[in-house]
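J.: Right, I'll just put the structure down here and ask away after.
The values are calculated or read from the model by the stated rules, or taken from the named source; none is laboratory data. Just so it is clear, the structure is predicted and the values come from calculations on it, not from any experiment. Heads up, the Cβs are rebuilt from the backbone with ideal geometry, glycines too, and the neighbour counts pull from every protein chain shown. The protein model used for the area step is the full one, side chains on, heavy atoms only, and it has no ligands, DNA or RNA in it. Shrake-Rupley method; radii C 1.70, N 1.55, O 1.52, S 1.80 Å.
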Amino acid sequence: MMTSLLAKSIDSAHPLILADAHVHIYNCFSLEQFLNSAFNNFQKTVAKLPHQIPSYSLLFLTETSENNWFKTLVEYAEKQQKVEDWNFYKTSETESIYAENSQSQGMYLIAGRQIITSENLEVLALITEQTFSDGSPLQDTIQTVRDAGGLPILPWGFGKWLGRRGKVLNNLLNSDDSSPLFLGDNGGRPIFWRRPSYFQLAEDKGLRVLPGSDPLPIASESTRPGSFGFQVRGSFNKQEPGKSMKEVLLRPETVLHPYGSLQTPWNFIRNQVTLRYQNQE
């Protein structure tokens, strides 16, 4: 289980930023429940902090080729269309939006995509509204994300870093591939599954591991966003949250502190059975 730590080690003059680096909005989700749950999950972490610490909360969307909820939320903002208790507001950049409830509390949602490579590995493209095609080789996909101004992340997934795909990842991490490049931890990783050795290999090379909740396409998973992520201190511009986070994450001196708990064995098994049942329908 990961314990919630305070990001004390970097410039206490800067606000604390809480971020979930791997978030999906699926069509089976209630958008209202998704937003309420994410906000409440962030607040649970904030409640453990010393008083008077200013903080911001962010969800990094990682949408598949089948979804573009970020575009929908932008349209809601333009039309001043509410979702129950929530309003949406555009920022000065195209890759972020602010969601605010009736108590004038809110969080930022940052555009991003999830891409499937020809090796059947996942690559997340954070902080970009550009869409990408699936099916290109891993290294080409990573470079395409960089060329679009996004941050490429290779997220852990159940069984996805084993066998042939594990060798592809190992070769990449042992190559002279240039940064930026991150690995991604996953709140769906069961507590009995040891920390992947590739995380340590990446960290030994100076690459960071970004945690995220990675909710599954199951209706009950809409409560998980914001529950697993990282805390960091850094300069933050409320009109340019995407740009601010990119600068924070690319600073060599930035220190990340993960928060949240890994999946219990019961929840992990239940979700895997549910997914297989849904896929057979």
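J.: So is S57 within 27 Å of G149 (Cβ to Cβ), in contact with a helix residue (DSSP H, G or I) (Cβ under 8 Å, 6 or more places away or on another chain), surrounded by 15 or more Cβ atoms within 10 Å (Cβ to Cβ) and at pLDDT 95 or above or not?
T.: Yes, satisfied.
J.: Between S37, S30, S96, which is over 21 Å from I127 (Cβ atoms) and open to solvent by less than 40 Å² (accessible area, probe 1.4 Å)?
T.: None of the others qualify; the one that does is S37.
J.: Can you name the condition, by its number, that E203 falls short on among (1) surrounded by fewer than 19 Cβ atoms within 10 Å (Cβ to Cβ); (2) acidic (D, E); (3) within 18 Å of Q114 (Cβ to Cβ)?
T.: So the condition that E203 fails would be (3).
J.: From R164, R189, which residue is crowded, with 17+ Cβ neighbours inside 10 Å and either over 18 Å from L61 (Cα atoms) or out of contact with any strand residue (DSSP E or B) (no Cβ under 7 Å at 6 or more places or on another chain) (or both)?
T.: R189
J.: Right, something else. Can you pull out every residue in region 53-88 that is farther than 30 Å from T117 by Cβ, touching a residue at least 40 places away in the same chain (Cβ under 8 Å) and among the hydroxyl-bearing types (S, T, Y)?
T.: Passing the criteria: S55, Y56, S57.
J.: May I pose another question? Could you tell me whether L154 is touching a helix residue (DSSP H, G or I) at 6+ places or on another chain (Cβ under 8 Å) and assigned to a strand (DSSP E or B)?
T.: Yes.
J.: Let me ask something else. Any idea how many residues of region 103-140 are in contact with a strand residue (DSSP E or B) (Cβ under 9 Å, 6 or more places away or on another chain) and assigned to a loop (DSSP other than H, G, I, E, B)?
T.: Here the count works out to 13.
J.: Which ones in region 238-254 are modelled with pLDDT under 95 and surrounded by 14 or more Cβ atoms within 10 Å (Cβ to Cβ)?
T.: Scanning region 238-254 gives a single hit, T254.
J.: Right, V145: part of a strand (DSSP E or B), of a type in the set (A, V, I, L, M, F, W, C) and either farther than 29 Å from A38 by Cα or modelled with pLDDT of 95 or more (or both) or not? Working first, answer last.
T.: Values: part of a strand (DSSP E or B): no; of a type in the set (A, V, I, L, M, F, W, C): yes; either farther than 29 Å from A38 by Cα or modelled with pLDDT of 95 or more (or both): yes.
So V145 does not fit the description; no.
J.: Could you run through region 78-102 and say how many residues are closer than 14 Å to K243 by Cα, part of a loop (DSSP other than H, G, I, E, B) and of a type in the set (G, A, S)?
T.: Count: 1.
J.: Taking region 259-281, which residues are surrounded by fewer than 19 Cβ atoms within 10 Å (Cβ to Cβ) and at pLDDT 90 or above?
T.: So in region 259-281, the residues surrounded by fewer than 19 Cβ atoms within 10 Å (Cβ to Cβ) come out as 261, 264-270, 272-281.
Matches in region 259-281: S261 only.
J.: Note down all Cβ pairs under 6 Å where the first residue falls in region 185-207 and is assigned to a loop (DSSP other than H, G, I, E, B), the second is aliphatic (A, V, I, L, M), and they're at least six residues apart or on different chains.
T.: Here the result reads R189/L262; I191/L262; L207/L181, each pair linking region 185-207 to a residue that is aliphatic (A, V, I, L, M).
For every residue, the table says whether it meets (1) charged (D, E, K, R); (2) surrounded by 23 or more Cβ atoms within 10 Å (Cβ to Cβ); (3) modelled with pLDDT of 90 or more.
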residue	(1), (2), (3)
D20	yes, yes, yes
N67	no, no, yes
T72	no, no, yes
E84	yes, no, yes
